Every structure is written in C-alpha cells, then in structure tokens.
Amino acid sequence: MKRIFLKRGKEESLKRFHPWIFSGAIQHMNEEPEEGEVVEVFTSENEYIATGHFQIGSIMIRVLSFNREAIDQSFYERRLAIAFDVRRSIGVIDGENNTYRLVHGEGDNLSGLVIDVYGNTAVMQAHSVGMHRERAVIAKALKNVMGEELKNIFYKSETTLPFKAELGQENGFLLGGETDDVAIENGLRFHVDWLKGQKTGFFVDQRDNRKLLERYAKGRKVLNMFCYTGGFSFYAMRGGAELVHSVDSSQKAIDLSRANVELNFPNDARHEAYAEDAFRFMEKMETPYDLIILDPPAFAKHKDALRNALKGYTRLNRKAFEKIQPGGILFTFSCSQAVNKDQFRAAVFTAAAQSGRNVRILHQLHQPADHPINIYHPEGEYLKGLVLYVE
Ligand code: SAH
C-alpha cells in the first residue's frame, strides 16, 4: 500500500480521531497514489496512524480506519452492520416507517459515503473518489448486511463527485431495477424520484421535525415555503390544518408536492401549490397564515459566503415575522453546515428585532438520530431549526 508521511506535529488532529487530512499537512509520499486509492498514513516519526482514501484537493485523505486493517468487502460489511444496528436501535425501521438514512458519512465512520433507504431500495451517493471506486464492493457488502430486506441499489453520484476527477460519473442500478417508487414516512406515503430528484430523492433529515409540525397544525392556515416534495405539507394536513399552501421556485417540486398530497389526501381542497420565488411570494401574500415553515436551501455552501448567508436568513425571517398572524407559529431552518446554531439564532434574533414582534423560542431543532454526528467530527452538525411563537 502506498504511504503518505505527515509534517511534524500534523498528527495531532488524528490522535483525536478527526477523519480529514488536509493537503498542507502532508510532507511527502513514497509514491504518488491514484485518486481514490487506499493509502496508509505515517507520522514524521515513521509511525502508522491511519488508513484512508486519497483524493486531490484540499481534503487529501479521508480516514477510514485508525487501525491497520484491510479496506475490503469485509471491512465495509462490518461498518454497514453497525450502521444498520444503529438504525434498528433508533426505531426508524417498522411498518409505519421504511425511510431512513443508513449511512451518514463521517457520522458512521464512512467518510464520503451516503446511503438512504426507501423501503426495499437503497440510494447510494459517493462524495469521494474512493467511495466511487469501491461502489460495487460496497453494494455487495450492503446486500449481505441487509439480506432479503434489500431488493435494489440505485447509485447516484452525478452531482456529488468532484467533476475534475473525470470519472465518467453515471447514475444507475447496482442491484435490481424494478422498484416501487412509493416510500413511507411515519405512516405517510410519498413518491421518491431517485433518478431526477435532489439529493437521494427526498429530504429524510426533516422526519422528526415534520412530525412535530403535525402537532401544531390543527385549525391553522399553513404556508410551507421551500416545500420541495411537500413533506411538511402532508403532515400539516394530517394534523388538521385548515389550509396548506406549498411554495417552491421549481415547477418540478410543485408537481411533486401536488402528487404527494394527492397520494395521502385525494381530492382534498385544503391544499394549493405555487411555483414562485419565496421573496416575491411573501412580499405580496395576503392569506393570514398562522403557521409558516421556512426551510430554504443552504445559503452558505462555504465559509466565504457566510456573511451574505446570514443576511439572507435575516431578510427571509423578517418577512415571515412581519406577515405572520398574532399567535402564529414559525418553523425556521438552516441546513448550511457553514452556519452554526448560534449564528443562525443571531440572524433570526435580528429579524425578530427588526419586525418588533414579541417572539418566544419553543423548540430548538436539529438533525435526526439517523444523521448522527461523529463526536470527533463536529463539522457533521448541519441542520438546525427554531420553533417560535410570535405574539
Ligand atoms: N422543505 C423541503 C426541503 C427544501 S429544499 C423538505 O422538507 O423536503 C429547498 C427547496 O428550496 C428546493 O426545492 C428549491 O427548489 C427551493 N428553492 C430554492 N430557491 C428558492 C427560492 N428563491 N424561492 C422558492 N424556492 C426556492
């Protein structure tokens, strides 16, 4: 196996089990590895410290193991078996729910890999060249771990891999191919478009927060802003909302929301969906909404975009504070990893202050247990939200 040697002192973060090695930490390599190759990492004292996937870029090595072990099918089976056991412990796999994240990258000690499960189909995404190269091995390991429960594996990495690597990324089935595209979350059904949908087809990470919203929906007029597949909308309807309006700038998202609401509540006149820009919609809206959900896309994809992102959150939330009815409930989220929960809260604080409304924090929300955070990798925390009562 090719060897990478670190500069003096650069092993410190690895001693604390942080799984990333940046290019600046590397002293030399005994031989240049190919992108995605498994390499062993040594300290400047020539001591073994980690094994990981090599990649060209700022993060040069994604650590897979701090023990000297082979990275083969059996390695992936061991890691996947633990991940599967964690999900069984959380209680997300039963008749009422067959949608969950099975592998959350570093959170499951598999940096660069994401797997979401929808019924008997797993959708796998590689975020590193190493995981891309290993996709067939991982697919076999996954089938061995999940057994009969798994009929299809769809591989989808067109948009998640570094395009410079020129790997000829493609989407397609690694197992099976005949799928029922309807999955179940907390007893509600929805279509998953793994082929063309964003991420793996559905935003699995809002499951618990949608369930909480259901409790607040009774008799309310609901605006689900940035609705995508309409997840929050059909929970609001089950919770007894008086009306539910779903808004997204993408026509495809609007079609999906309509189809999903129809699947659960056929011919229900309480729901309407609008393909429109969020700011434009909120500027001119006249419906007296008293439950608003704001779940925008990541405003800051990188640290450099932070300032503008925070301004964006403030502007958006301010609009909601200005328009929401007295006694209204606001569910507001940020999924930008670069924005931490204090920064997000400060942005919402500023918005509240600008609107002059009395605002109470009722709940502080985060990503669910099937999106675990590796304690040694705090960067894995990304989703945060607030539920607010607006007097
Ligand atoms: N709440 C959703 C996930 C939202 S993802 C869920 O529970 O699944 C963010 C969505 O915001 C995407 O569907 C995207 O199309 C939409 N979007 C992005 N920019 C927008 C804008 N300016 N106005 C309205 N929608 C926008």
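The values are calculated or read from the model by the stated rules, or taken from the named source; none is laboratory data. Since we're looking at a predicted model, the values are computed, not measured. Here Cβ is always computed from backbone atoms with ideal geometry, including for glycine, and neighbour counts include all displayed protein chains. Only protein heavy atoms, including side chains, enter the accessible area calculation; ligands, DNA and RNA are left aside. Shrake-Rupley method; radii C 1.70, N 1.55, O 1.52, S 1.80 Å.
For the range 235-292, the tally of residues that are hydrophobic (A, V, I, L, M, F, W, C), more than 25 Å from the chain's Cα centre (by Cα), more than 9 Å from the ligand (Cβ to nearest atom) and closer than 20 Å to residue 331 by Cα stands at 4. Cβ separations smaller than 6 Å between residues 6+ apart or across chains give the following pairs from the range 277-301 residues that are assigned by TED's automatic domain parsing to the domain that holds residue 314 and touching a residue at least 24 places away in the same chain (Cβ under 8 Å) to residues that are within 12 Å of the ligand (Cβ to nearest atom) and open to solvent by 60 Å² or more (accessible area, probe 1.4 Å): 277/249. Against the condition at pLDDT 95 or above and basic (Lys, Arg), how does residue 270 come out, does it pass? Yes; evaluated as a whole, the condition is true for this residue. Screening residue 217 with (1) within 28 Å of residue 114 (Cβ to Cβ); (2) surrounded by fewer than 24 Cβ atoms within 10 Å (Cβ to Cβ); (3) among the hydrophobic types (A, V, I, L, M, F, W, C) gives one miss only, at (1). Mind checking which residues of the range 216-234 are away from the ligand (no atom under 15 Å from the Cβ) and in contact (Cβ under 8 Å) with a residue 40 or more places away in the chain? Within the range 216-234, 216, 220, 221 qualify.
From the list 22, 54, 75, 66, the one residue that fits, being under 18 Å from residue 145 (Cα atoms) and within 29 Å of the chain's Cα centre (by Cα), is 75. Of the strands (runs of 3 or more DSSP E) lying entirely inside the range 221-329, those carrying at least 2 residues that are of a type in the set (Val, Ile, Thr) are 243-248, 291-294.
For every residue, the table says whether it meets (1) more than 23 Å from the chain's Cα centre (by Cα); (2) closer than 27 Å to residue 107 by Cβ; (3) at pLDDT 95 or above.
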| residue | (1), (2), (3) |
| --- | --- |
| 173 | no, yes, no |
| 198 | no, yes, no |
| 206 | no, yes, yes |
| 214 | no, yes, yes |
| 217 | yes, no, yes |
| 227 | no, yes, yes |
| 232 | no, yes, yes |
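The number of residues in the range 194-214 being open to solvent by 50 Å² or more (accessible area, probe 1.4 Å), of a type outside the set (A, V, I, L, M, F, W, C) and over 28 Å from residue 320 (Cβ atoms) comes to 1. Output yes when any residue across the range 360-367 is of a type in the set (D, E, K, R) and under 28 Å from residue 14 (Cβ atoms), and no when none is. No, every residue in the range 360-367 fails to be of a type in the set (D, E, K, R) and under 28 Å from residue 14 (Cβ atoms). Flag set for residue 160, criterion: closer than 25 Å to residue 133 by Cβ, open to solvent by less than 40 Å² (accessible area, probe 1.4 Å) and either more than 12 Å from the ligand (Cβ to nearest atom) or not in a helix (DSSP H, G or I) (or both). Checked against (1) more than 22 Å from residue 373 (Cβ to Cβ); (2) in a helix (DSSP H, G or I); (3) touching a Leu at 6+ places or on another chain (Cβ under 8 Å), residue 148 meets all criteria but (3).
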